[in-house]
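Here the structure is laid out as structure tokens; the discussion comes afterwards.
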Amino acid sequence: MQTKLHQIHPILPVKNVLEALKFYVNKLGFSIAFADDGKQPTYAGIRRDDIEIHLQWHDAKEWEVEKNRPMLRIVTQHVEVLFQEYNFKNAFNKDTKVIHTDWGTKEFAFYDLDKNGLVFYQNL
């Protein structure tokens, strides 16, 4: 019997899990899958369609040091429709655009509240 990897649940560091949940739910259309505490969560999961992302609180001292934050590449079928949805909800700044890449994708990218990178793309 051979094992098969079938899902990944990346964990994004956040300063405030409650604020991150509001952003992902209200701006990006995710729903809350779980939270370790209903009022002051330090760890939570969000879902939209077939993907799940976890959000984990990190102490303020960790944010004093400038470091690269995670960058997620999320595959979608209708990237321009998703772009319009997020644009309508002011999820990103006005300079965000859908681009065609040299590697055969159509995509747009922006940062969440904690500078975690989100790239939504479709293969051409």
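The values are calculated or read from the model by the stated rules, or taken from the named source; none is laboratory data. Quantities reported herein were computed from a predicted structural model and do not represent experimental measurements. Here the Cβ positions follow ideal geometry from the backbone for every residue, glycine too, while neighbour counts run over all protein chains shown.
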Give Arg73, Arg48, Arg69 a once-over and let me know the one that is basic (Lys, Arg) and without any contact (Cβ under 8 Å) to a residue 40 or more places away in the chain.
Arg48
Lone qualifier among Val25, Val81, Val75 - being loosely packed, with under 11 Cβ neighbours inside 10 Å, closer than 25 Å to Lys106 by Cα and either of a type in the set (Gly, Ala, Ser) or modelled with pLDDT of 95 or more (or both):
Val81
With (1) loosely packed, with under 15 Cβ neighbours inside 10 Å; (2) within 24 Å of Pro10 (Cα to Cα); (3) of a type outside the set (Lys, Arg) as the list, and Leu124 as the residue in question, which single condition is left unmet?
(2)
Filter region 28-68 for residues that are at negative phi, touching a Lys or Arg at 6+ places or on another chain (Cβ under 9 Å) and surrounded by 13 or more Cβ atoms within 10 Å (Cβ to Cβ) and give the result.
Leu28, Phe30, Ile32, Ala33, Ile53, Trp57, His58, Trp63
If I ask for residues that are in a strand (DSSP E or B), touching an Asp or Glu at 6+ places or on another chain (Cβ under 8 Å) and among the aliphatic types (A, V, I, L, M), which ones from region 100-119 would you list?
Leu118, Val119
